[in-house]
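Step one of this worksheet: look at the structure below.
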Amino acid sequence: MKADPHGVLTGVHFIDGDHACCEGALAAGARFAAGYPITPSTEVVERFAARVPTVGGTFIQMEDELAASITLQGAVWGGAKAFTVTSGPGFSLMMEHIGYAAMTETPCVFVDVQRGGPSTGLPTLPAQADMMQARWGSHGDYEIIALCPNSPQECFDLTIKAFNLSEEFRVPVFFMMDEVVGHMTEKVVIPPADEIDVVPRKHTRKSVEEYLPYGTNGDLVPEIAHAGEGYKFHVTGLTHDERGYPNMTPQTQDTLVRRLQNKIRNATDRISMFEEENLDGADVVVISYGITSRVAQRAIELARAKGLRVGKLRLITAWPFPENKIRELAGKVKAFVVPELNLGQMVHEVERAAAGAAKTYAVTHAGGNVHQPEQILKAILEAAR
Amino acid sequence: MAKGRVDIVVERCKSCGFCVEFCPTKVLALSSAFNSKGYHPPHVVQPEKCSGCDLCGMYCPDFAIYGHKNNPASKQEDGDES
Amino acid sequence: MSELVNPVEAFLRTDRMPHIWCPGCGIGTTVNCFAQALIESKIDLETLALVSGIGCTGRVAGYVKLDSFHTTHGRAIPFATGLKLANPKLNVVVYSGDGDLSAIGGNHLIHAARRNIDLKVICVNNLIYAMTGGQTAPTTPDHAITSTNPYGSFEAGFNLPHLVEAAGAVYVARWTTFHVRQLARSIAEAFKKKGFSFIEILSPCPTLYQRRNKLGDGLDTMKFYKEKSKVRHGAPTSEVGLTMTGDIVVGKFVDRDRPDYQTMMRAQYVESLGDKYVEQTECVCG
């Protein structure tokens, strides 16, 4: 379906990533946010608090991130599209409820505007060190989707994509921004509402007698109902059967948790989004995401100017990790160069998928500012040798 | 005849004794019978004293007993059935 | 003679009976009172949602035939807040235990009371963490023996009515599982109120709290409630603290009026934005 025009601020704007993300959420149909202030993410909810009373919706600043991360889920079950926004320390506090969203298959979006860590770290400076945490932060086996914008424009466009994916797969989706993308101001074009595709909630049309809250008919994603519609269903974080009733046996556990995993994993190729350039015939491929990809772009250009055959693969979706793509590429190239604003996180996934078929060079950075192009160029030169 | 009667779901009972204790007219006592879990469910020992007040039902934590009036005020029944 | 059905059956997921609660546990008794209150208040069950946390009382959500949510430990209240704000037509009940609501959930309890979110909170207080084997709870009376205070607790227990009154609740009552009629009436009263209502229900945990403290079984505890309860409607909540063997002050302590969160929200937006204010629309999720 198309976006609700009430939430779409059509026009050409000059805004930062945080602000663009808020507009993306509104355009996607988000009408509920629960948040807690944390630098460098706060502007997203501040803007939402200012916008939503004139669009129709609710913002509530909760007493902590533990509350925010579950209040938004209550709102989802009450019928709204909902999200929260945070950074490192708040993200850590939200982990239990991220697991709850995965287990109960609550469609929602968690925005993490990454900053230097660990702990209080660098509140006003960038990092990309929560990438593994987005994937593995909560306990137990579950799968999630994570997107990495690299510009304010993408903060708008991809937030819509994040909501769409969350509804399609009934899964929490992570919007992995960083402080630079969040606070850089660039041109953001917001199209008319009828040019924006929005995925509706997979709402059941079954009768009360027929409906099974966690039953799947062939596809791995159950249909959802909301409180107040007469279905009288039960939702629990305990291991449950198709009726949603707690059923704590190894068999039910196996069925449920594998479905939660396969729901995403089987659709990896459909979910994955990249930006690719010059992969054919490349000796070295630079794999990057988020703000680092913009520095990598410069490094790649410098390397190509030196006559090197360097390709670019930008991960727009970091999770599920595009193993097949990397494995396939690994068979054709000499090496991967993986610059990240961390001491090595996604590079481990690249290495794992490459399985030794290509060498992997990490270009690490503890965070606080972005790489210099020369740092990445140095790694490219070494990889090309 | 008695103003009320109780229905007992024997299999749900856990012999907590609340119904026996708090019946205002001492209609019930724990029986010596067992249900399949090994508990002694209550049985009616003074049926004529039952008023159908359902205090037993309100107290029962296991939803194992229900007291009701024989002639609900809204209906005009013969009351002569046995 | 027709077989009349126990009205509580209509509220139960009978396919999940028997429940897991111990012999002599009072939680099931509170559910009877809850069902009675629903019948008396003629609450539309289709727009009633029940949210619980983790613990023995938290399992109520799984046994009632309502839209029910068994959430995380301590976080039933914020979940319920989201539910209510997204769909103001819902009647939202939080049904959880003393540990869940006042320890890990304590912060959310006081903020929801402060905000006066329109929630009916039923707090079953068995003075212990029962589900996990009988550890000390914030409500455990001084000197009580628990698995984490094996030599006796040396902390004062929370006076929950005092806490929630101070935080801003508009309806505060305490009963015990002995007071089945009064409790049902109290819950029905809370349904008539708009704002944050809190009903504490003292309940036996014969397996852990009573047993470890040699206080008898469930029936002994019920008799203890009968003997020691003193009904004092309107009592100052500062005076209703509990001790292991002392008097239990029960009754309706607070019944006041204060605009609830959504009323205040709306009023503020109307005042600031006038015509530009657009109230929460129906779900546009498609």
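Please treat every number below as a calculation from the coordinates, not as lab data. Note that this is a predicted model, so its numbers are computed, not measured. Glycine also receives a Cβ, built like all others from the backbone with ideal geometry; neighbour counts cover every protein chain displayed.
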From the cross-link list A:LYS161/A:LYS325; A:LYS161/C:LYS89; A:LYS81/C:LYS84; A:LYS81/C:LYS42, the entries with a Cα-Cα span beyond 24 Å are A:LYS161/C:LYS89; A:LYS81/C:LYS42
For the range B:4-67, averaging the sequence separation of alpha carbon pairs under 8 Å that lie six or more residues apart and dividing by its residue count, the contact order in percent is 45 percent
Taking chain C, the equivalent ellipsoid from its C-alpha gyration tensor has semi-axes in Å, biggest first, of 31, 22, 18
Per-residue Cβ contact counts at 10 Å, fewest first, order A:ASP16, C:ASP67, B:ASP7 as B:ASP7, A:ASP16, C:ASP67
Of the listed links A:LYS232/C:LYS226; A:LYS206/C:LYS193; C:LYS194/C:LYS228; C:LYS192/C:LYS252, those spanning more than 26 angstrom between alpha carbons are A:LYS232/C:LYS226; A:LYS206/C:LYS193; C:LYS194/C:LYS228
Given unit charges at Cβ for Lys, Arg (+) and Asp, Glu (-), the dipole magnitude of the range C:35-160 about its Cα centre in debye, nearest 20, is 320 debye
One finds the C-alpha centres of the range C:179-235 and the range A:8-42 to be spaced, in Å, by 48 Å
The range A:106-238, convex hull of Cα, quarter of hull surface, nm² -> 10.8 nm²
Taking Cα pairs closer than 8 Å and at least 6 residues apart, the relative contact order of the range A:5-195 in percent is 31 percent
Between the modelled labels at C:MET264 and A:GLN372 (7 Å from Cα along Cα→Cβ) the distance in nm is 5.4 nm
Among C:CYS22, C:CYS123, C:CYS56, the residue with the largest mean-square fluctuation in a Gaussian network model of chain C built from Cα contacts under 10 Å is C:CYS22
Residue-ordered couplings for the range C:5-21, obtained by feeding phi - 60° into the Karplus form 6.51 cos²θ - 1.76 cosθ + 1.60 and rounding to whole Hz (Gly and Pro as x), are 9, 4, x, 5, 4, 5, 9, 9, 7, 5, 6, 10, 7, x, 7, 8, 6
Per GNM of chain A with C-alpha springs under 10 angstrom, the most fluctuating residue out of A:LYS81, A:LYS202, A:LYS306 is A:LYS306
Zone reached by a paramagnetic label modelled 7 Å from A:LYS306 Cα along Cα→Cβ, restricted to the range A:343-384 with backbone N below 13 Å, covers A:373-384
At q = 0.11 Å⁻¹, the log10 of I(q)/I(0) for chain B from a Debye sum over equal Cα scatterers comes to -0.29
Per the Kirkwood formula over distinct C-alpha pairs, the hydrodynamic radius of the range A:274-384 in angstrom is 13.4 Å
The longest stretch of chain A containing none of the GluC sites (Glu not before Pro) that sit in a DSSP loop with at most 11 other Cβ atoms within 10 Å is A:1-208
Phi-derived 3J(HN,Hα) across the range A:78-86 with the Karplus relation (6.51, -1.76, 1.60, θ = phi - 60°), rounded Hz, x for Gly and Pro, is x, x, 9, 8, 9, 8, 9, 9, 7
On the formula 1/(1 + (r/R0)^6), with r taken between the Cβ atoms of C:ASP220 and B:LYS26 and R0 of 22 Å, the FRET efficiency rounded to 0.05 is 0.75
Comparing B:GLY38, B:GLY67, B:GLY52 in a Gaussian network model of chain B (Cα, 10 Å), the one with the largest mean-square fluctuation is B:GLY38
Among beta bridges assigned by DSSP with both residues in the range C:137-263, the antiparallel ones amount in percent, to the nearest 5, to 30 percent
Interchain or sequence-distant (5+) residues whose placed amide H lies within less than 5 Å of the amide H of B:ILE65 are B:VAL9
Pseudo-spin-label distance A:LYS334 to C:LYS42, built 7 Å along Cα→Cβ, given in nm, is 8.4 nm
per DSSP, antiparallel bridges as share of beta bridges in the range C:3-134, % nearest 5, sits at 5 percent
So C:LYS192 and C:ALA156, fully extended at 0.36 nm per residue minus their Cα-Cα distance, gain in nm 9.6 nm
Rg from C-alpha atoms of the protein assembly as shown, normalised by the globular rule of thumb 2.2 N^0.38 Å, equals 1.08
